[in-house]
Amino acid sequence: MTTLAIDIGGTKLAAALVDGDLQIHQRRELPTPASKTPDALRAALLALVAPLASQARQVAVASTGIIREGTLQAINPQNLGGLLHFPLVSTLTEITGLPALAVNDAQAAAWAEYHALGENIDDMVFITVSTGVGGGVVSDGVLRMGHEGLAGHLGHTLADPGGPRCGCGRVGCVEAIASGRGIAAAAQGDLAGCDAKAIFAHAANGHAQARELVQRSAQTLARLVADVKATTDCQRVVVGGSIGLAPGYLALVRACLALEPSVYRVVLSEAHYRHDAGLLGAALLAQGVKK
Ligand code: ADP
Ligand code: BMX
Ligand code: ZN
């Protein structure tokens, strides 16, 4: 059955048709609307899916935010401005006339990446380092969504009690330091106002402050991975998102993790499905595919 898969992130929206063999067709991308009002998101979703909807039988959405009964609720409203509550499933059903399912983006990506791992892996964790830092936990082969959809929100665990305030209201979250927004917010002097992509480009050219910002993100992520290993004793941690997949980033995380006591180390890999993990995970969940 062909699924119209949609990925809603703090920076970009993606959509594609996913067939029963998990092949992706007609992938499209749009920026997440800058105004981030419900009307702007609805209009952007309409433009995104218009060429695809008639070719699909169902809709599967992977979205940033806590997804509760088909509604998107931002844990970090700074990532999604005015979209504190957005009726995701009903909006897409109305736009497309198709049945729709919605799940958190990192939880969806975890499910796709779990399917890409070998038969011998039942416990894995996915972490996206992107606009925010998100996570998804698969334990004993089951995707954990938690009592109210919060499971796996690893970006909001504590990295540094003396760190910056996170958009979620806590102080010193991993996300406030390691994410694209966190990296950009800490930039000063000639890097002030740069986004994370530009800061990574400067770091690649040897810019000292840019390298320090990237290193601070990688160090924070490595400590999170050690905490994840201590919490879940997972067999693998898979990293995605545009920062997680940026050239050289995972090598920095691995180097930091190597300095932790061996009991907290775990094999780290880049997302097999790269930037499509969220799209494919949502499609797999909608298609009811088991490993
Ligand atoms: P989303 O959060 O919408 O899912 P991404 O995974 O693309 O989107 O993450 C967006 C963040 O990644 C932004 O902070 C952006 O500046 C940063 N980014 C995008 N491309 C790159 C790149 N090639 N290298 C480093 N950072 C990047
Ligand atoms: C935030 C939170 C998570 C999300 C993560 C990664 C919001 C709007 N989102 O921690 O639900 O999984 O960001 O999201 O509160 P992304 O936009 O970076 O892909
Ligand atoms: Zn937070």
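Taking the Cα centre of the chain as origin, work out the dipole magnitude from +1 charges on Lys and Arg Cβ and -1 charges on Asp and Glu Cβ, in debye rounded to 20.
Numbers: 22 positive and 24 negative charges, 71 e Å.
Dipole about the Cα centre, nearest 20: 340 debye.
Amide H contacts for E270 (H built 1.01 Å from N in the peptide plane; partners 5 or more residues away or on another chain; cut-off under 5 Å): V239.
Roughly what % of DSSP beta bridges within the chain run antiparallel, to the nearest 5? Don't jump to the answer; show the numbers that get you there.
Details: 28 of 48 bridges.
If we restrict to bridges inside the chain, about 60 percent are antiparallel.
Near C173, once Lys and Arg are set to +1 and Asp and Glu to -1 for all other residues with Cβ below 13 Å from its Cβ, the sum equals +1.
Once you charge only the Cβ atoms, +1 for Lys and Arg and -1 for Asp and Glu, what is the size of the charge dipole of the stretch 151-291 about its Cα centre, to the nearest 20 debye? I would put it at about 300 debye. Packing order of peptides 105-116, 58-69, highest average first: 105-116, 58-69 (average count of other Cβ atoms within 10 Å over each peptide's residues).
Please give me the summed charge of the neighbours of C234: other residues whose Cβ is under 13 Å from its Cβ, Lys and Arg +1, Asp and Glu -1.
Details: positive: R144, K229, R236, R265; negative: E113, D122, D123, D140, D227, D233.
Taking every Cβ under 13 Å from that of C234, the sum is -2.
Fully extending the segment from N120 to E94, taken as 0.36 nm per residue of separation minus the present Cα-Cα distance, adds 5.2 nm. Treating r as the C-beta distance of N205 and K12 and R0 as 35 Å, the FRET efficiency rounds to 0.90.
Ranking T231, G149, A159 by Cα position along the charge dipole of the chain, where only Lys, Arg, Asp and Glu carry charges on their C-beta atoms, puts A159 farthest toward the positive end. The residue list A34, V174, T93 was ranked by how far each Cα lies along the charge dipole of the chain toward its positive end, using unit charges on Cβ atoms, and A34 comes out on top.
Helix 208-232 and the longest principal axis of the Cα set of the chain meet at an angle near 70°. Computed from label points 7 Å out along Cα-Cβ, the spacing between R254 and E270 is 1.1 nm.
With the simple spin-label model, which puts each label point 7 Å out from Cα in the Cβ direction, the R165 to E148 separation comes to 2.2 nm.
Can you sort V133, V289, V238 by how many other beta carbons sit within 10 Å, fewest first?
On the way: V133 34, V289 13, V238 28.
Exposure proxy ranking, most exposed first: V289, V238, V133.
Computed 3J(HN,Hα) for the stretch 173-189, one whole-Hz value per residue from the Karplus formula 6.51 cos²θ - 1.76 cosθ + 1.60 where θ = phi - 60°, is 5, 3, 4, 5, 10, 8, 6, x, 5, x, 4, 5, 5, 8, 5, 10, x, glycine and proline marked x. Computed on the Cα trace of the chain, the radius of gyration divided by the Kirkwood hydrodynamic radius gives Rg/Rh = 0.96. Residues whose amide H comes within less than 5 Å of that of K12, counting only those at least five positions distant or on another chain, are T32 (H built at 1.01 Å from N in the peptide plane).
Taking 0.36 nm per residue of sequence separation and removing the Cα-Cα distance, the S35/D233 pair yields an extension gain of 67.2 nm.
Sort K197, K36 by Cβ crowding within 10 Å, fewest neighbours at the top.
Numbers: K197 14, K36 19.
Taking fewest neighbouring Cβ atoms as first place, the list is K197, K36.
Helix 277-287 and the long axis of the chain differ in direction by around 40°, with both axes built from C-alpha atoms.
We did not get these values from a lab; they are worked out from the coordinates using the rules stated. Keep in mind that this is a model prediction, so the values were computed, not measured. Note: ideal-geometry Cβ built from the backbone for every residue, glycine included; neighbour counts use all protein chains shown.
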